[in-house]
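Participant: Pasting a structure here, questions to come.
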Amino acid sequence: MKGRAELRRDSPVLRHAIRVSAVTAAGYLLGAVLPLGLGHGYWAPMASVMVMRPDFSQTYARSVARFGGTLVGVALATGVVQSFHPGVYLSAGLAVVCAFGMYLFMRTGYAAGQVFVAAYVVFLLGMEGAGVGQTVRDRVTLTLIGGLLAMLAYAVYPAWETPRLRGRLADWLASVGGYAAVVVARYADPVGPGSPDVREALLNTRAARVAWQEAVERATHEPVRHRGLSHAAVEQADHALAEFGRVAMLMEAHLPEPGAPPVPEAATLAEALRHATEQGAKQIRERRPPEWDELRETVDAWSDDAPDHFLLHKGAALILEALDEVTTALTDSTRARTR
């Protein structure tokens, strides 16, 4: 069922699958046509598959790391071979050492692992009597071709994270709004702390925030900044929604115990919060600054309806301030792009 859900044009998973398939086929054809590789033309598509990731930043970083590591590895191995002329058994021993080094340094970085992989290939092919100079040339050239194909795939069929930042922000807004609504509703129907629906809403909010932060990190390295949010807007919106979440968690920390007097007005506030954040998320996706007029009216009327519940009233006011900051961030970002 999940696989079927990705069968849509805007799915990053589908786009990645298409890119990998096309690049693998193109790399294999190039490796077969070009007079390189000594029968190892698969190095080009293998390099592409190993570096390609659904997002541009990881693909770029891994492409550079693989090419740089390969260059250093073949250079070091070539220096050893040409200086000491190891025989078959010594070359085999050096290949085993390189394989051990690859596993030993695998977690230190992709480039470090590729240094040992490239040296391993040089020593291994040296055992077969293949010319080291040709091995170096072919390995470096085919690795470079594989990396270039991977990068070219993003230019032809991109899946940038930057244009989707508004959607990630909208998801976070809707989830934290839902969390706050569930918490506030518990003041109207006290069931005590540890309510399952509150826990579930909190986990959804944390997942949405992590998705937003990961998207921001990936978008930072993409060359398409003007189609998304400015850095200032990202920071301001992130700060505002984080503050929103902290206020909701504070209200959760003071949930009334079972049997405590209910606050009927809290149900109205909870529904206003849910509706306002859902509508605000929709407006963000439509590239419109969100509006909070209905929620503001509910919050303004709160002090007259329930003057004794300071925490809810003050919390609602702080949430409204955070939402206004989100609107300011998105409005300033829109104005900056239209200048």
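The values are calculated or read from the model by the stated rules, or taken from the named source; none is laboratory data. Please read all numbers here as calculations on a predicted model, not as lab measurements. So basically every Cβ, Gly included, is an ideal-geometry build from the backbone, and we count neighbours across all protein chains shown. To get the accessible areas, we keep the full protein, side chains included, count just its heavy atoms, and leave off ligands, DNA and RNA. Shrake-Rupley method; radii C 1.70, N 1.55, O 1.52, S 1.80 Å.
Participant: Could you list all residues from the stretch 27-44 that are open to solvent by less than 40 Å² (accessible area, probe 1.4 Å) and modelled with pLDDT of 85 or more?
Facilitator: Listed by number, the residues that qualify are GLY27, ALA44.
Participant: Then there's this: Taking ARG186 as the residue in question, decide whether it is basic (Lys, Arg) and at pLDDT below 85.
Facilitator: Details: basic (Lys, Arg): yes; at pLDDT below 85: no.
When the stated conditions are applied, ARG186 does not pass them.
Participant: So, in the stretch 53-74, how many residues would count as being within 14 Å of GLY146 (Cα to Cα), within 19 Å of the chain's Cα centre (by Cα) and buried (at least 20 other Cβ atoms within 10 Å of the Cβ)?
Facilitator: Qualifying residue count for the region: 3.
Participant: Sticking with this one: Give me the pairs, please: first residue somewhere in the stretch 10-29 and closer than 17 Å to TRP160 by Cβ, second residue anywhere and basic (Lys, Arg) and open to solvent by 40 Å² or more (accessible area, probe 1.4 Å), beta-carbon distance under 7 Å, and either six or more positions apart or on two chains.
Facilitator: What qualifies is LEU14/ARG8.
Participant: Same structure again: Looking at VAL183, VAL156, can you tell me which residue is buried (at least 22 other Cβ atoms within 10 Å of the Cβ), more than 18 Å from the chain's Cα centre (by Cα) and of a type in the set (Val, Ile, Thr)?
Facilitator: On the way: VAL156 fails: buried (at least 22 other Cβ atoms within 10 Å of the Cβ).
Only one candidate passes the filter, namely VAL183.
Participant: Name the single residue that is most open to solvent (accessible area, probe 1.4 Å) among those in the stretch 323-339 being part of a helix (DSSP H, G or I) and modelled with pLDDT under 90.
Facilitator: At the first step, the residues of the stretch 323-339 found to be part of a helix (DSSP H, G or I) are 323-338.
Pick out the ones that are also modelled with pLDDT under 90 and you get 331-338.
Values: THR331: 31, ASP332: 74, SER333: 2, THR334: 40, ARG335: 139, ALA336: 58, ARG337: 87, THR338: 108 Å².
So, considering only residues that are part of a helix (DSSP H, G or I) and modelled with pLDDT under 90, the one most open to solvent (accessible area, probe 1.4 Å) is ARG335.
Participant: Taking helices (runs of 4 or more DSSP H) that do not extend beyond the stretch 231-322, which have at least 3 residues that are closer than 19 Å to TYR187 by Cα, open to solvent by 40 Å² or more (accessible area, probe 1.4 Å) and among the charged types (D, E, K, R)?
Facilitator: Details: elements: 231-253, 264-285, 293-305.
Where helices (runs of 4 or more DSSP H) fall fully within the stretch 231-322 and carry at least 3 residues being closer than 19 Å to TYR187 by Cα, open to solvent by 40 Å² or more (accessible area, probe 1.4 Å) and among the charged types (D, E, K, R), they are 264-285, 293-305.
Participant: Could you tell me which residue of the stretch 105-132 is least open to solvent (accessible area, probe 1.4 Å), considering only residues that are within 29 Å of TYR60 (Cβ to Cβ) and outside any helix (DSSP H, G or I)?
Facilitator: GLY109
Participant: Can you name the residue in the stretch 189-225 that is outside any helix (DSSP H, G or I) and within 24 Å of the chain's Cα centre (by Cα) and, of all such residues, is modelled with the lowest pLDDT?
Facilitator: Filtering the stretch 189-225 for residues outside any helix (DSSP H, G or I) gives 189-195, 221-224.
Filter again for within 24 Å of the chain's Cα centre (by Cα), leaving 221-224.
Numbers: HIS221: 77, GLU222: 78, PRO223: 74, VAL224: 68.
Of everything passing the filter in the stretch 189-225, VAL224 is modelled with the lowest pLDDT.
Participant: Sort out which residues of the stretch 93-103 are open to solvent by 90 Å² or more (accessible area, probe 1.4 Å) and either within 20 Å of PHE67 (Cα to Cα) or basic (Lys, Arg) (or both), and write them in order of number.
Facilitator: The one that is open to solvent by 90 Å² or more (accessible area, probe 1.4 Å) and either within 20 Å of PHE67 (Cα to Cα) or basic (Lys, Arg) (or both): TYR103.
Participant: Take the conditions under 17 Å from VAL20 (Cα atoms) and either crowded, with 16+ Cβ neighbours inside 10 Å or of a type in the set (Lys, Arg) (or both) and apply them to ALA77. Does it pass?
Facilitator: Details: under 17 Å from VAL20 (Cα atoms): no; either crowded, with 16+ Cβ neighbours inside 10 Å or of a type in the set (Lys, Arg) (or both): yes.
Spelling it out, it is not the case that ALA77 is under 17 Å from VAL20 (Cα atoms) and either crowded, with 16+ Cβ neighbours inside 10 Å or of a type in the set (Lys, Arg) (or both).
Participant: I've got another one for you. Tell me which of these GLU257 doesn't satisfy, since it passes every other one: (1) on the phi < 0 side of the Ramachandran plot; (2) touching a helix residue (DSSP H, G or I) at 6+ places or on another chain (Cβ under 9 Å).
Facilitator: Among (1) on the phi < 0 side of the Ramachandran plot; (2) touching a helix residue (DSSP H, G or I) at 6+ places or on another chain (Cβ under 9 Å), GLU257 violates only (2).
Participant: Let me ask another. Where residues in the stretch 16-26 are within 23 Å of ARG137 (Cα to Cα) and among the hydrophobic types (A, V, I, L, M, F, W, C), which of them is surrounded by the most Cβ atoms within 10 Å (Cβ to Cβ)?
Facilitator: Here is the first cut: in the stretch 16-26, the residues within 23 Å of ARG137 (Cα to Cα) are 23-26.
Add one more test, that the residue is among the hydrophobic types (A, V, I, L, M, F, W, C), and what stays is 23, 25-26.
Values: VAL23: 27, ALA25: 11, ALA26: 18.
Filtering the stretch 16-26 for residues that are within 23 Å of ARG137 (Cα to Cα) and among the hydrophobic types (A, V, I, L, M, F, W, C), the one surrounded by the most Cβ atoms within 10 Å (Cβ to Cβ) comes out as VAL23.
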